[in-house]
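Here, each number is a calculation from the coordinates, and none is a lab measurement. Model, not experiment: these values are computed from the prediction. Methodologically, a virtual Cβ is constructed for each residue, glycine included, from the backbone with ideal geometry; neighbour enumeration extends over all protein chains shown.
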Amino acid sequence: MSQQGSLSIERMCQLAPVSRAGFYRSLQEWHPVKEEMAVRDAIQHIALAHRRRYGYRRITAELRRRGLRVNHKRVARLMREDNLLAVQPRAFVTTTNAQHELEVYLNLASRLTLTGLNQLWVADITYIRLRTEFVYLAVLLDGFSRKVVGWALEKTLATRLPLAALHQAITTRHPPPGLVHHSDRGIQYASGAYVQVLQQHQMIPSMSRPANPYDNASCESFMKTLKREEIYATAYRDLDHLRTNLAAFIDEYYNGTRLHSALGYQPPNEFERGLASGPPSGAARMQFFRPAQGSKPGGTP
């Protein structure tokens with residue numbers, strides 16, 4: 001018979017006094033409590049490590065990556081009980097000035113079917129409010145991996161702001177000829193200086209249609225994530241403090257750590273490494289004409 005020190009379980013039950021059935025039942029009830037505490041502890045570590053940027057879906061995905069089989073409803077309940085729900089978004093404001101007479105280019109992004117990296121870059125600009133001034137951030141994302149490939153921070157909306165982000169992206173990515181560069185119709189992207197750089201590197205300009213935010217959805221989604229998970233969660237002392245935090249958020253956290261639902265809950269860097277180890281991708285496919293409903297390609301209705 002099992003012993004606890006010099007006492008048997010039967011003798012301990014007599015001294016308690018409890019039944020042996022009640023003793024064994026208490027042991028069985030302890031395991032769910034222990035497992036619940038382990039899950040709660042893991043959620044606490046993930047939520048604090050990501051500074052409450054992760055909602056319950058991403059925390060569920062991270063738990064599963066660690067081998068814990070949990071339901072997203074349970075994770076949401078535990079986060080709610082522990083006051084760990086993600087920081088909520090604020091209103092988003094755009095900075096586009098499309099009232100100009102410069103050339104506006106066709107929207108090619110909506111017609112592309114991407115098959116690999118450096119086929120489509122998506123650009124956007126947003127503002128960030130400091131204590132005494134507004135500053136502006138320009139970013140470029142790879143449309144396939146959602147990775148931020150270039151960004152720049154300035155006190156001005158002049159063309160040199162997105163140009164700095166573009167030069168950074170070109171330097172780090174070395175894109176092949178034929179890459180489609182998509183943006184809104186803002187004057188910065190339509191300017192002669194910006195278009196000249198695109199042409200020098202054999203990039204094809206593409207611009208969103210008026211009043212259609214979905215054409216630029218991936219970049220706008222990044223901007224909302226940035227503001228919700230970094231900008232609104234931090235009080236910046238000055239521009240240098242902001243620049244340091246943005247470098248950590250974009251280059252280390254967003255590209256290297258944060259799980260993206262569109263990438264099968266992988267960070268962009270991990271997603272791109274997986275592509276590099278696989279077979280080479282083909283060129284992007286472009287569709288210029290959509291077949292009428294009920295018709296087949298090359299045939300009649």
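The figures follow:
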read-out	value
Region 41-77-region 193-210 distance, computed between alpha-carbon centres (Å)	41
For S183, residues with placed amide H under 5 Å, excluding near neighbours	A123, S206, M207, S208
Cα-projected label distance for L106 with A158, points at 7 Å along beta-carbon direction, nm	3.5
Theoretical FRET efficiency, 1/(1+(r/R0)^6), r = Cβ-Cβ of R40 and L130, R0 45 Å, to 0.05	0.75
Model label zone, D240; criterion: amide N under 19 Å from point 7 Å along Cα-to-beta-carbon; scope region 117-153	130-136, 153
Rounded to whole Hz, the Karplus (6.51, -1.76, 1.60) HN-Hα couplings of region 234-243, x for glycine and proline	9, 9, 8, 6, 6, 5, 5, 5, 4, 4
Three-way shape label, region 213-277, alpha-carbon gyration tensor, a/c 1.5	oblate
Sequence-distant residues sharing a close amide H with L130 (under 5 Å, placed H)	V135
Overall form of region 102-224 per C-alpha gyration tensor (a/c, 1.5; a/b vs b/c)	rounded
Long-range HN-HN contacts of L120 with modeled amide H, under 5 Å	G143, F144, V180
